[in-house]
Every structure is written in C-alpha cells, then in structure tokens.
Amino acid sequence: MNRTLLMGMVVGLVALSLSCGGNSTLDDTPAAVALTIEVTLYNPDIDVCSQTALGADLSIDTMSISSHPKSPDVTLTSNSDVTLSRWVVTPTRTDGGSTASPEWSHDLTVYVPAGGDTALANYRVYPVEYLRELPLSNLLPENGGVDPETGNRNIRESMYVQIFGRTLSGKAVATERVPIAFNFYCGTP
C-alpha cells in the first residue's frame, strides 16, 4: 500500500510539473530587437517661474527611437515591430543635492517598425505641475528662491527616460534608460 501511495504521489508531481510548462506568457523570451533613444534637440535650461506661469510641460523638441536587431544573424520581420506603451521618467540630482523630483509615468502609444526609426517632435517629458513639487518648488520666490540642500539658486537634474512595450509577437521590450540633463532656475540663470 505504501508503494502504491508513493507511486501515485510521483505520478501526480510529474503531471503537475508538465502542466506548468509550455505556452505560458511567463515563458516569453527576450525580443529580437533592441531599442535606442536619441535626443537631438531640446532646451536644457528651464526657468521654473516662466514655465509654471505658462502652464507648459517640459518637452523635448526632437527625439527618435530606433529598432536594431540584437544579433547580426537575425532577419527582422514585422513580428518584431514594437508598440511602446508605458513611459517612465525618473529624475536624479546631479548637483550634489539628495532630494530629487518625483518619478512620473504615463501611457502613450508609439509604434516603432522592426529595424526602423520613429521620430517624435515636441514630446512631453515631464508635467508642469511637478515643477511645483520639492525640490524644484524651493526655487520659486515665495519659497526663498534657493535650494536648501546646496545653497544654489539652481537645481541640476537628469531625467532618465525609459519606455516599455511589446513586439507584435508579444515579446516584452524596453528602451535603454537615457539621461536627459536639465538645469532648473527661476529668473536669470
């Protein structure tokens, strides 16, 4: 009887392990493409006072996203076309201060053909309302106009942009994480 019970348990474990494998989305292999971002034109100097008065989001004048095969032996097909959908911007202080602006993410669909490029113009990279959050709010005249961490009248941050999506065949893909440097001030730099 013990032998029958043991054999039943072994058969049950084998059946369970076979049912967990196969065609699950957990088995996605990396996409055959790599994506790169190139920022070709933007204004790195941002007057926080003027920007908030205008109600204008921070934007990148021109940038492109390129799709490249990960391996030179791969021939790309339309199954490697990418639909990007989640944009994440993570600010990091570059001036010695420790408090950085809040991370921002948003959903926006952008199509990148396999082996091709997609050009974006006047792309919104950070919302204007976040310019009124710490640490940038310290630069506003009503808050003293000085960063208390550095004693400076400006704050330097890199906005790290990373974009996530899927290929037409369903494989997860993301761009590299790209820093875009900004110098924030109020009035004259």
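Read-outs throughout are calculated quantities, based only on the coordinates presented, and are distinct from any laboratory measurement. Keep in mind it's a predicted model, so treat the numbers as computed, not measured. Ideal geometry is used to build each Cβ from the backbone, glycine not excepted, and the neighbour counts take in all protein chains shown.
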Checklist (1) in a loop (DSSP other than H, G, I, E, B); (2) surrounded by 22 or more Cβ atoms within 10 Å (Cβ to Cβ) applied to G151, failing item: (2)
Filter result (touching a Leu at 6+ places or on another chain (Cβ under 8 Å) and closer than 21 Å to G96 by Cβ) within the stretch 132-141: S137
Any hit, the stretch 39-55, residues being assigned to a strand (DSSP E or B), more than 17 Å from A181 (Cβ to Cβ) and touching a residue at least 24 places away in the same chain (Cβ under 8 Å): no
Flag for G97 being of a type outside the set (S, T, N, Q) and in a loop (DSSP other than H, G, I, E, B): yes
Any hit, the stretch 64-84, residues being closer than 30 Å to K171 by Cα and basic (K, R): yes
Only one of E129, E176, E157, E133 that is closer than 25 Å to D61 by Cα, out of contact with any strand residue (DSSP E or B) (no Cβ under 7 Å at 6 or more places or on another chain) and in contact (Cβ under 8 Å) with a residue 24 or more places away in the chain: E133
Some residue of the stretch 127-136 being over 18 Å from A31 (Cβ atoms), of a type in the set (K, R) and out of contact with any Phe, Trp or Tyr (no Cβ under 8 Å at 6 or more places or on another chain): yes
